[in-house]
1. Given the conditions (1) under 24 Å from residue 62 (Cβ atoms); (2) modelled with pLDDT of 90 or more; (3) aliphatic (A, V, I, L, M), and given that residue 172 satisfies all but one, which numbered condition is not satisfied?
2. What number of residues within the stretch 133-159 satisfy the criterion of being more than 19 Å from the chain's Cα centre (by Cα) and touching a residue at least 24 places away in the same chain (Cβ under 8 Å)?
3. Just to check your reading of the model, which residue among 54, 70, 35 is in a helix (DSSP H, G or I), touching a residue at least 40 places away in the same chain (Cβ under 8 Å) and in contact with a strand residue (DSSP E or B) (Cβ under 8 Å, 6 or more places away or on another chain)?
4. When the stretch 87-104 is examined, which residues are found to be within 20 Å of residue 56 (Cβ to Cβ) and surrounded by fewer than 16 Cβ atoms within 10 Å (Cβ to Cβ)?
5. Name every residue in the stretch 179-203 that is touching a helix residue (DSSP H, G or I) at 6+ places or on another chain (Cβ under 7 Å) and free of Cβ contacts under 8 Å to residues at least 60 places away in the same chain, in order of residue number.
6. Could you check residue 360 against (1) in a strand (DSSP E or B); (2) over 18 Å from residue 272 (Cα atoms); (3) of a type in the set (Lys, Arg) and say which number it fails?
7. Those residues that are under 16 Å from residue 186 (Cα atoms) and of a type outside the set (S, T, N, Q), I need them from the stretch 366-396; list them, please.
8. Restricting to the stretch 81-110, give me the number of residues that are part of a helix (DSSP H, G or I), closer than 22 Å to residue 135 by Cα and touching a residue at least 24 places away in the same chain (Cβ under 8 Å).
Amino acid sequence: MKHIEIVTIGNELLDGMIVNTNASYLCQQLKALGLTVSAYHAIPDERNVLKRLLKRTLLESSLVICTGGLGPTLDDNTRQVAAEIFDSGFRFDDGIAAALRERYGNDLASLHNQATVPAKAIVLPNSVGTAPALIFEGASVTLILLPGPPLEMHAIFEQSVIPYLQVRLPEIGKRVTEYLILAASREDEVDPVLRELQETLPNVDAGIYAKLGSLTIALSTFQEDAEARRELDQAKQVLMSRFPDRVVFTKRGKIEEDIQELLIKNNATLSTAESCTGGSIAAALTAQAGASQYFLGSVVAYSNEVKKRLLGVKQSTLDEHGAVSEEVVIEMARGALLATGSDYSVAVTGVAGPTGGSDKKPIGTVWLGVASRHGIALTWRLKVLHGDRAKIIAYTVNVALCRLWQTVNTF
C-alpha cells in the first residue's frame with residue numbers, strides 16, 4: 001500500500017455544520033495498522049464532483065476509503081457513482097434485507113433501497129444503521145465505501161474493514177502500536193522529546209495527536225523485531241521519566257474505553273459531581289456502550305444550594321473558601337460517593353466564563369477532585385485556562401478523564 005486517500009462526503013462538512021471527525025478517525029486507525037494516509041478530501045453531495053474525484057483518486061491510489069452518501073435519500077450518490085466506475089449492475093441482497101426486517105420490521109420505507117447493492121461489490125453488514133458498507137476490488141486499487149454517521153462507520157470499520165485489510169495485507173499485522181496519553185500537556189513540551197526519540201531510537205515511529213487538555217502519543221514498530229520492540233519499551237520509559245505525573249496507558253488511544261474496562265475489571269463503580277462542566281464528563285463516559293455496568297449516576301450542581309442539599313457541601317466551606325476551591329471540590333467528590341454508593345467519584349468546580357471571574361479566581365480557574373470509598377481524595381488545580389467557554393469545558397473534561405484513570409489504576 002503506497003498511496004492511500006480518504007474521501008469524506010457531505011454538504012454539512014463544508015458548511016461547517018459538523019466537524020469532520022471521520023477523516024481523523026480513519027487516519028488514526030490506519031496509522032495504527034502501519035498504513036499512512038497520503039491525502040484526504042471533503043466534498044459536497046454533488047454527483048459530478050464525486051465522480052471526478054473518485055476517478056482521479058482511484059488512478060493515483062492503491063486504497064481509497066469514502067464515507068457518506070450511502071443512504072436512501074436524493075443526495076446519496078456514492079453507491080451509484082462507484083457502480084458506474086466499476087461497471088457494475090445491481091442486485092437485491094436477501095441477507096441484508098432479512099437483517100433489516102429483523103431490526104426494523106417490515107415497515108422500513110428504505111428497506112428495498114438499502115438492500116439493493118452493486119453486484120460486483122463485497123457487502124459488509126451495518127450493525128448500527130441501515131446502509132451496508134461496500135468494497136470494490138480492482139486490479140491495482142481497492143475502494144471501500146462506508147456510511148457517514150460516525151457510530152455506524154466506526155462499527156463497520158472495526159468489525160469488518162480491519163479484518164479485511166489484515167487478510168489482504170498480512171504485512172500490517174507485523175506492526176504493533178502502543179498509546180500513551182499525557183494529561184494537561186502541550187505539543188511544544190512533548191515535541192522536543194519525540195524528536196530526541198526519533199534520533200536515538202530509529203526503529204520507533206512516533207505520532208502526536210493533540211486534544212484540549214491532553215496529548216495522545218502513538219508509538220509503533222515492527223512486532224517481530226526484537227531490537228525494535230526493545231526500542232519501543234525504551235521510548236515508553238523515556239516518556240514516563242520525562243512526564244512522570246501525567247502518563248496514562250491506553251490500548252487504542254480512547255481513554256473512555258480504558259476507564260470502562262479498568263473499572264469493570266476491578267468490579268468498581270463510578271459517579272460524577274459536576275459544576276462548570278455541566279455533565280460533560282458523565283456524557284463522555286456514558287457515550288461508551290456498556291457504561292451501565294459501572295457508571296451509577298451524576299449530580300450536576302451549578303448552584304450552591306444544590307451542592308449543599310445533594311452533595312453535602314457545608315455552608316461554612318462555601319463561606320470560607322468559595323464554590324471554586326479545593327475544599328469544595330473534595331466535599332463534592334465525597335458527597336457523590338455517599339449519594340450514589342459508588343466506589344469512585346470525580347468532581348469539578350470552576351469558572352468557565354464568559355462571566356463570573358474575579359482577580360483571585362479569573363475565568364478558566366478550575367478545581368478537579370477524585371475520591372474513592374477507601375478514603376483517597378486527590379485534587380488538582382488546573383492552570384488558568386485561556387479560550388472560550390467550550391474550550392475550557394473540553395480541556396477540563398479531558399484532564400479529568402486522565403486523572404480519573406490514574407487514580408483508579410493506582411488506588
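The values are calculated or read from the model by the stated rules, or taken from the named source; none is laboratory data. The shown structure was predicted, so the numbers you read here are calculated from the model rather than taken from an experiment. Every residue, glycine among them, receives a Cβ derived from its backbone with ideal geometry; neighbour counts consider all protein chains shown.
1. The failed condition is (2).
2. Filtering the stretch 133-159 for residues more than 19 Å from the chain's Cα centre (by Cα) gives 133-145.
Restricting the remaining residues to those that are touching a residue at least 24 places away in the same chain (Cβ under 8 Å) gives 133-136, 138, 140-145.
Residues meeting the conditions: 11.
3. Values: 70 fails: in a helix (DSSP H, G or I); 35 fails: in a helix (DSSP H, G or I).
Selected residue: 54, the only one of 54, 70, 35 that is in a helix (DSSP H, G or I), touching a residue at least 40 places away in the same chain (Cβ under 8 Å) and in contact with a strand residue (DSSP E or B) (Cβ under 8 Å, 6 or more places away or on another chain).
4. Step one: filter the stretch 87-104 for residues within 20 Å of residue 56 (Cβ to Cβ), giving 87-88.
Selection gives 87 alone.
5. Taking the stretch 179-203 and keeping what is touching a helix residue (DSSP H, G or I) at 6+ places or on another chain (Cβ under 7 Å), we get 180-184, 193, 197, 201, 203.
Those that are touching a helix residue (DSSP H, G or I) at 6+ places or on another chain (Cβ under 7 Å) and free of Cβ contacts under 8 Å to residues at least 60 places away in the same chain: 193, 197, 201, 203.
6. If we test residue 360 against (1) in a strand (DSSP E or B); (2) over 18 Å from residue 272 (Cα atoms); (3) of a type in the set (Lys, Arg), just (1) comes out false.
7. Taking the stretch 366-396 and keeping what is under 16 Å from residue 186 (Cα atoms), we get 382-387, 391-392, 394-396.
Within the stretch 366-396, 382, 383, 384, 385, 386, 387, 391, 392, 394, 395 meet the criteria.
8. First, pick out the residues of the stretch 81-110 that are part of a helix (DSSP H, G or I): 81-85, 94-104.
Checking which are closer than 22 Å to residue 135 by Cα leaves us with 81-85, 94-100.
Now restrict to residues that are touching a residue at least 24 places away in the same chain (Cβ under 8 Å): 81-85, 95-96, 99-100.
Residues meeting the conditions: 9.
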